[in-house]
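A quick write-up on the structure given underneath.
The values are calculated or read from the model by the stated rules, or taken from the named source; none is laboratory data. Only a predicted model underlies this, so the values are computations on that prediction, with no experimental measurement involved. Cβ: placed from backbone, ideal geometry, glycine included. Neighbour counts: every protein chain shown.
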Ligand SMILES: Cc1cc2nc3c(=O)[nH]c(=O)nc-3n(C[C@H](O)[C@H](O)[C@H](O)COP(=O)(O)OP(=O)(O)OC[C@H]3O[C@@H](n4cnc5c(N)ncnc54)[C@H](O)[C@@H]3O)c2cc1C
């Protein structure tokens, strides 16, 4: 690869995982970030859950990268630089429709290679978590929690230690392909800037489709235009007497309002999922709705006070049939832009998958560099 530049746009946890992996393999790796700090958007506004891989369609990138990422994250935590906990999770069904969904998750899990799952009959749920109620449960022991900011810091310092360069306060406005090179133009520290590169990785999260569009790609034909689904969180005041995560059966565009406890013992309810047109992080939901929703499977939640915490926004690909789409991770050679890699629609389980995405993108670059 010699002295060519590689430029990554976006220092969320996914861009940083790619940064860390590419800096091990190549010289001249740069990561541009419009904010002053790393991981200050979706990567720090999520549930921090290390997903097992039961939710995703077998054979999809989400399924494969989540299951690989789950293992890789627990390995990273062994370094002692990132806190995580293998708390385990119970997904609970209410009624026949949800029972079927749970059975489907179990089958997905088997096909995706998720280890140690167990279906739990209604009368046994209380043995796992006192007062937990439902008609069927699915226990996944490999689910856990991780501190997202510490994970981002880990990838960031790995990338820097291996010779990569972080360029903060640098907004990439557009990317153009000219004479076999990409020119990325924008504003850096209040001034116009330009950087050129043979390889570009677009990991701009909520804005990735805009960068793809600036290049000249037809984002509607390619179905790259993401839609925004916001999720609000409420923080539980007081201590919940268990660490196991509890989820309802998944919904159309989200996993349902769950009860999780993070690595520092803070418990939360959330997120819900509603579509928005433009990005803002204001909480629009009602605390009582969250309590009602969680009390369907954990009635004692009614004895706790909850307060507004934060909101996050999922960049979602919606397929023509109305279903949520897979991650798009694609080198655009076939569309006339060789060496340009787009990552679009990296919603959940993007945090879990991040170390596997880092390796996947580095291998992709390696495959056309030969
Ligand atoms: C409510 C919610 C809950 C979730 N829960 C989980 C979970 O429990 N487990 C899980 O695995 N995943 C979860 N996810 C998904 C996970 O958070 C994301 O997949 C992941 O954080 C995506 O990381 P990213 O780096 O792609 O995006 P981002 O974190 O959005 O990073 C993109 C970066 O690019 C920068 N950027 C954008 N445009 C430009 C530009 N033009 N120039 C320069 N920089 C730019 C941004 O400032 C940002 O820092 C959840 C997501 C949400 C919204």
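Observations, loosely collected:
- Options 91, 42: the member that is at pLDDT 95 or above and near the ligand (Cβ under 8 Å from one of its atoms): 42
- Counting residues in the stretch 56-72 that are buried (at least 24 other Cβ atoms within 10 Å of the Cβ), part of a helix (DSSP H, G or I), touching a strand residue (DSSP E or B) at 6+ places or on another chain (Cβ under 7 Å) and in contact (Cβ under 8 Å) with a residue 24 or more places away in the chain gives one or more.
- Count - residues of the stretch 1-27 that are in contact (Cβ under 8 Å) with a residue 60 or more places away in the chain, surrounded by fewer than 24 Cβ atoms within 10 Å (Cβ to Cβ) and under 20 Å from residue 194 (Cβ atoms): 3
- Inspection of the stretch 315-335 identifies no residue that is in contact (Cβ under 8 Å) with a residue 60 or more places away in the chain, farther than 27 Å from residue 63 by Cβ and in contact with a helix residue (DSSP H, G or I) (Cβ under 9 Å, 6 or more places away or on another chain).
- Some residue of the stretch 95-114 being crowded, with 22+ Cβ neighbours inside 10 Å and within 14 Å of the ligand (Cβ to nearest atom): no
- Against the conditions (1) surrounded by fewer than 20 Cβ atoms within 10 Å (Cβ to Cβ); (2) under 19 Å from the mean Cα position of the chain (by Cα); (3) not in a helix (DSSP H, G or I), residue 53 satisfies every one except (1).
- Filter pass, residue 348 being crowded, with 17+ Cβ neighbours inside 10 Å, in contact (Cβ under 8 Å) with a residue 24 or more places away in the chain and more than 12 Å from the ligand (Cβ to nearest atom): no
- Taken across the stretch 302-314, residues that are part of a helix (DSSP H, G or I), free of Cβ contacts under 8 Å to residues at least 60 places away in the same chain, over 14 Å from the mean Cα position of the chain (by Cα) and not assigned by TED's automatic domain parsing to the domain that holds residue 216 do occur, with at least one present.
- Members of the stretch 46-55 that are within 6 Å of the ligand (Cβ to nearest atom) and either over 12 Å from residue 258 (Cβ atoms) or touching a strand residue (DSSP E or B) at 6+ places or on another chain (Cβ under 8 Å) (or both): 46, 47, 48, 49
- Residue in the stretch 208-217 that is at positive phi, under 23 Å from the mean Cα position of the chain (by Cα), in contact (Cβ under 8 Å) with a residue 24 or more places away in the chain and surrounded by fewer than 18 Cβ atoms within 10 Å (Cβ to Cβ) present: no
- Where residue 139 falls short, out of the listed (1) in contact with a helix residue (DSSP H, G or I) (Cβ under 8 Å, 6 or more places away or on another chain); (2) in a helix (DSSP H, G or I): (2)
- For the stretch 1-37, filtered to residues that are within 16 Å of residue 357 (Cβ to Cβ) and either modelled with pLDDT under 95 or part of a loop (DSSP other than H, G, I, E, B) (or both), the residue that is farthest from the ligand (Cβ to nearest atom) is 11.
- Highlighted here are the strands (runs of 3 or more DSSP E) found entirely within the stretch 171-281 that include at least 2 residues which are more than 13 Å from the ligand (Cβ to nearest atom): 181-188, 191-197, 227-237, 245-248.
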